[in-house]
1. State, as an integer percentage, the relative contact order of the chain based on alpha-carbon contacts under 8 Å between residues 6 or more apart.
2. Ranked by Cβ crowding within 10 angstrom, fewest neighbours first, how are 23, 35, 30, 9 ordered?
3. Between residue 10 and residue 75, with labels modelled 7 Å along Cα→Cβ, what's the label distance in nm to one decimal, could you check?
4. Take the chain, compute every pairwise Cα distance, and split them into 5 Å bins from 0; I just need the percent in each bin.
5. Might you report the magnitude of the Cβ-based charge dipole of the chain about its Cα centre, with Lys and Arg at +1 and Asp and Glu at -1, to the nearest 20 debye?
6. Where does each of 105, 56, 98 land when they are ranked from fewest to most other beta-carbon atoms within 10 angstrom?
7. Please give the contour-minus-distance gain from residue 56 to residue 33: 0.36 nm per residue of separation, less the Cα-Cα distance, rounded to one decimal in nm.
8. Can you tell me the FRET efficiency between residue 98 and residue 45 if r is taken as the Cβ-Cβ distance and R0 is 30 Å, rounded to the nearest 0.05?
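Throughout, read-outs are computed from the coordinates displayed, never taken from laboratory work. Predicted model only: the values in this text are computed from it and were never measured. No Cβ is skipped: glycine too gets one built from the backbone with ideal geometry, and neighbour counts run over all protein chains shown.
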Amino acid sequence: MNECRECCSFCDRILHPSGCIQSGCRFLYSYDDDSTGRRFMGCLNKIFKVEIDVGVFEEAQRTRHGYGGVKLTGTPIPQCRVSVESAYGGDGEAFRCVNPGFFDVPDEHADPAFDIRDRL
Ligand code: SF4
Ligand code: SF4
């Protein structure tokens, strides 16, 4: 559902957790893990399923490219920041998109947070 392998570009929809923080989303949770001394954050809606190490995230955010995205695992709501990432780039027929609808938000409602211009 959130990946397309119909040409050699190999595209995935991804979720940018930076958007969760910037929007102040109430579905973003965090907790301190006593066993590791680390803080983790995740999405109560399971729009992304992984739990992210907050220290690693913050360190990456200070770099030029930032933390980036994680695999999208649910149907995003308006405050979710999502984009499409292509694993490979190339010219010619093998890389010609035959599934342009994949770049639409995976929801029946228009979603201004999903913008093809975010494509990495
Ligand atoms: S609902 Fe969307 S914006 Fe909110 S925490 Fe989950 S992924 Fe982030
Ligand atoms: S470029 Fe289009 S057809 Fe190719 S993998 Fe991406 S969405 Fe699918």
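1. Answer for the chain is 32 percent.
2. 35, 30, 23, 9
3. It is 2.9 nm.
4. For the chain, the binned pair fractions read 2, 10, 20, 22, 18, 13, 9, 4, 2, 1, 0 percent.
5. For this selection, approximately 160 debye.
6. With the sparsest Cβ surroundings first, the list reads 98, 56, 105.
7. My answer for the length gained is 6.8 nm.
8. It comes out at approximately 0.45.
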